[in-house]
Amino acid sequence: MPLAELIQPARSHASVAPSPGASRLASDPIDPAEFRAALSRVATAVTVVATNGEHGIAGVTCSAVCSVCDTPATVLVCVNRRSFANGVIKRNGVLCVNWLGAEHSEISQVFSGVGELPMAHRFAQTQWGTLATGAPHCSLALVALDCRVARAMEVGTHSVFLAEVVKTSIAEAIEDPLVYCQRRYATTRPIVLN
């Protein structure tokens with residue numbers, strides 16, 4: 001059977017009547033506080049997204065990172081437009097996503113702005129180097145993906161970066177990851193199935 005026959009034409013979605021007692025239409029946006037409260041219950045990996053280049057050095061703690069595809073290897077990174085790092089990433093065109101281990105919450109705190117340490121001083125520790133693009137790589141990271149920004153788009157309060165991976169770094173030791181859940185740091189533990 002030819003491929004064209006397998007592809008179905010796009011169909012419009014059927015309208016669904018709101019359930020009785022619905023307090024608002026499905027198309028009405030939810031309150032931002034409600035959205036944040038819901039997502040606060042979801043465990044997310046903690047990363048530091050960092051950049052360096054002609055337009056300076058910057059980094060920010062970020063939990064909105066996910067894989068997009070493996071061909072070409074691409075990740076999606078969301079950074080608040082109010083973040084200093086946002087504009088520097090756009091201008092440099094490179095970034096490194098550094099996934100932190102459970103023992104490194106202090107690195108996350110520094111890059112989230114706790115203590116108001118000047119940006120250059122945040123990278124003064126010896127654990128920072130580079131891989132391929134010149135973007136800062138944390139040698140303590142469980143995994144680091146060094147990337148070139150392929151595309152940036154604005155969505156609400158954030159910029160969404162699609163970044164192509166050019167180099168990886170994977171820690172030799174298998175450690176517990178640092179995650180953020182219920183508005184506090186946590187980690188994961190393996191579940192043994194019977």
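The values are calculated or read from the model by the stated rules, or taken from the named source; none is laboratory data. What you are looking at is a predicted structure, and each value in this text was computed from that prediction instead of being measured. Every residue, glycine as well, gets a Cβ built from its backbone with ideal geometry; the counts of neighbours run over all protein chains shown. Keep in mind that these areas ignore ligands, DNA and RNA; they rest on the heavy atoms of the full protein, side chains included. Shrake-Rupley method; radii C 1.70, N 1.55, O 1.52, S 1.80 Å.
Before moving on, here are some points about what is shown:
- Residues that are open to solvent by 40 Å² or more (accessible area, probe 1.4 Å), without any contact (Cβ under 8 Å) to a residue 60 or more places away in the chain and either in contact with a strand residue (DSSP E or B) (Cβ under 7 Å, 6 or more places away or on another chain) or acidic (Asp, Glu) (or both), drawn from region 23-60: Asp28, Asp31, Glu34, Glu54
- Selection status of Arg82, modelled with pLDDT of 95 or more, part of a helix (DSSP H, G or I), open to solvent by 40 Å² or more (accessible area, probe 1.4 Å) and out of contact with any Pro (no Cβ under 8 Å at 6 or more places or on another chain): no
- Looking only at region 45-81, and only at residues there that are over 17 Å from Gly113 (Cα atoms) and polar (S, T, N, Q), the one that is farthest from the chain's Cα centre (by Cα): Thr71
- Condition check for Glu175: at pLDDT below 95, closer than 21 Å to Ser67 by Cβ and either among the aromatic types (Phe, Trp, Tyr) or not in a strand (DSSP E or B) (or both): yes
- Candidates Thr74, Thr51, filtered to the one that is under 17 Å from Val160 (Cα atoms), in contact with a helix residue (DSSP H, G or I) (Cβ under 6 Å, 6 or more places away or on another chain), modelled with pLDDT of 95 or more and of a type in the set (S, T, N, Q): Thr51
- Flag for Arg148 being part of a loop (DSSP other than H, G, I, E, B), touching a residue at least 40 places away in the same chain (Cβ under 8 Å) and not small (Gly, Ala, Ser): no
- Answer residue from region 124-136, given it is under 19 Å from Gln109 (Cβ atoms) and modelled with pLDDT of 95 or more and is farthest from the chain's Cα centre (by Cα) among those: Trp128
- Condition check for Ala10: farther than 30 Å from Lys167 by Cβ and at pLDDT 85 or above: no
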